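A.B. asks: Sharing a structure, written as structure tokens. Questions coming.
The values are calculated or read from the model by the stated rules, or taken from the named source; none is laboratory data. Predicted, not measured: the structure shown is a model, and the values here were computed from it. Heads up, the Cβs are rebuilt from the backbone with ideal geometry, glycines too, and the neighbour counts pull from every protein chain shown.
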Amino acid sequence: MTPLIGETEDERVDLKSKIRNLKSKMKPLRVDIITIFPDYFRAVFDYGIIRRARAAGLVTIEAHDLRAWTSDKHHVVDDRPFGGGDGMVMKPEPIFAAVKSLTGANRRETVPQGTRVVLLSPQGQTLTQASAAEFAKCEHVILICGRYEGVDERVADAVVTDEISIGDYVLSGGEPAALVVIDATLRLLPGALGSETSAVTESFSDGMLDYPHYTRPPEFEGMRVPEVLLTGNHAEIARWRREAALEKTKRNRPDLLK
């Protein structure tokens, strides 16, 4: 069985050194959000890991009002669907203009290297830890938040590099999904978490769920913490955590082991 990352003290020290070196060479990740509700994001960026990453200079985030790229006096961003049907569809012109303004490109083929243009959509590929890790390696990520019945398909066909869903359910808009993508991505930036090795030892990073966690008191209402965790024997603790993670994955997410 593959050992946990950083299982020995020497491995943990080596991993922390590599992460510090990587952090020192990194440029801040730039995240631009295209939305009709920029105020939706205003408060949430002042808390938790996102606030810490911004304060450390690891990321810059800006939410842009899509209406700024409209050309009519009413700033219209949606219209009725061709072929009939319920609701309204977001127009392509302002989205193409927004992407060109932010990247200099309005076609997928000319998007600069290190830049990803992401459409948040229930029709997209499911966000995974692996895709979040890919976004964390980028220099620039643009998140397009859909609304209404969806976004004109020419946006997905011609300008986006990734179409991403956060699950098999429908939201009222792409804004909550954008927050999920940002949080999942930023926690993978070296230095974003309190512990330099946290992001590489949690759920999905090694193809399994995380191991169970316990804290004080050692006994609560007749339920005791596993004795091995109280021994201070790091090799035995690492072995127990490996086995417990495998057991939890088999029970809750057997699909990860296929």
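Residue-wise test of (1) out of contact with any Asp or Glu (no Cβ under 6 Å at 6 or more places or on another chain); (2) modelled with pLDDT under 95; (3) buried (at least 18 other Cβ atoms within 10 Å of the Cβ).
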| residue | (1), (2), (3) |
| --- | --- |
| Leu127 | yes, no, yes |
| Arg147 | yes, yes, yes |
| Thr161 | yes, no, no |
| Ala177 | yes, no, yes |
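A.B. asks: Any idea which of (1) part of a strand (DSSP E or B); (2) among the acidic types (Asp, Glu); (3) more than 13 Å from Ile33 (Cα to Cα) is the one Glu62 doesn't satisfy?
C.D. replies: (3)
A.B. asks: Out of Asn233, Asn252, which single residue is closer than 26 Å to Gly167 by Cα and at pLDDT 95 or above?
C.D. replies: Testing whether each residue is closer than 26 Å to Gly167 by Cα and at pLDDT 95 or above leaves just Asn252.
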